[in-house]
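A.B. asks: Below is one structure. I have some questions about it.
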Amino acid sequence: MLDEMAGALEHKFCRLGGDLTVKDGCEIEGYASLFGQADQGGDIVGAGAYAKSLAALQAKGGRVKMLWQHDPVQPIGVWDEVREDGKGLYVKGRILTDVARGREAVALLGAGAIDGLSIGYRTVRAEKDGKGRRLLSELELWEVSLVTFPMLPGARVGAKGDQPASAEDLMREVAVALMTARRKLAQG
């Protein structure tokens, strides 16, 4: 078990892409996490990783928060349904257009400028596999955010042929490099 990351709030990104549906401009549903797929940081979330956290939240009447870019002072809506299924962590909720940032999020989603979901969580149980990747088996889920940069490669559209990298691809690489460096610093 990896204890060095215990207590640190972490984030995982997943591109909205075809797995996210936007209805009436403010109702959204899709997957915030996909099981069994390595992200760009080398982590793999296992099926059942959220079960205890979701049960504990439900038992005390709590909710997973919907935030803008992981900013705890910018809630933008509510997740009406958060559950695990065979594919991953399914979320369904409403962006609140009575909130200024919620109106902005709806506009950015509609224009395709925002295309990612990201989870904020604490690692409860994880272990490393023979390839140095973390296998996350129990997570304490805090929030699911709408974000700019996805992290999960399997949930993104890849570049075609030998085209040069786009500005979005370069920014994504920078974001991943910064997150990886932050994680390594936190590990000491």
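The values are calculated or read from the model by the stated rules, or taken from the named source; none is laboratory data. What you see is a predicted model; the values in this text were computed from it and never measured. Ideal geometry is used to build each Cβ from the backbone, glycine not excepted, and the neighbour counts take in all protein chains shown. In case anyone asks, the SASA skips ligands and DNA or RNA and just uses the protein heavy atoms, side chains included. Shrake-Rupley method; radii C 1.70, N 1.55, O 1.52, S 1.80 Å.
A.B. asks: Tell me, in nm to one decimal, what length is gained between residue 104 and residue 51 on full extension, where the rule is 0.36 nm per residue of separation less the Cα-Cα distance? Don't skip to the end; give the middle numbers.
C.D. replies: Details: separation 53, 0.36 × 53 = 19.08 nm, distance 3.23 nm.
That works out to 15.9 nm of additional length.
A.B. asks: Could you compute the net charge surrounding residue 51? Neighbours are other residues with a C-beta less than 14 Å from the C-beta of residue 51; K and R count +1, D and E count -1.
C.D. replies: -1
A.B. asks: Hey, what do the phi angles of segment 128-139 turn into as Karplus ³J(HN,Hα) couplings, whole Hz, using 6.51/-1.76/1.60 and θ = phi - 60°, x for Gly and Pro?
C.D. replies: Once θ is set to phi - 60°, the couplings for segment 128-139 become 9, 8, x, 9, x, 8, 8, 9, 8, 10, 8, 10 Hz.
A.B. asks: Go through 131, 52 and list them by solvent-accessible area, largest first, probe radius 1.4 Å. Intermediate results must be reported in sequence, preceding the final value.
C.D. replies: Values: 131 160, 52 130 Å².
Largest accessible area first, the residues go 131, 52.
A.B. asks: What number comes out for the charge environment of residue 137, summing +1 per Lys or Arg and -1 per Asp or Glu over other residues with Cβ under 10 Å away? List each step's numbers first, then the result.
C.D. replies: Details: positive: 125, 134; negative: 127, 138.
Within the 10 Å Cβ shell, the charges total 0.
A.B. asks: Can you pick out the pairs among 92/131; 87/131; 65/128; 87/128 whose Cα atoms lie more than 25 Å from each other?
C.D. replies: Details: 92/131 34 Å; 87/131 23 Å; 65/128 29 Å; 87/128 22 Å.
From the list (92/131; 87/131; 65/128; 87/128), the Cα-Cα distance tops 25 Å for 92/131; 65/128.
A.B. asks: Whenever you get a sec, line up 39, 80 from highest to lowest accessible area (probe 1.4 Å, protein heavy atoms). Intermediate results must be reported in sequence, preceding the final value.
C.D. replies: Details: 39 15, 80 80 Å².
Of 39, 80, the descending order of accessible area is 80, 39.
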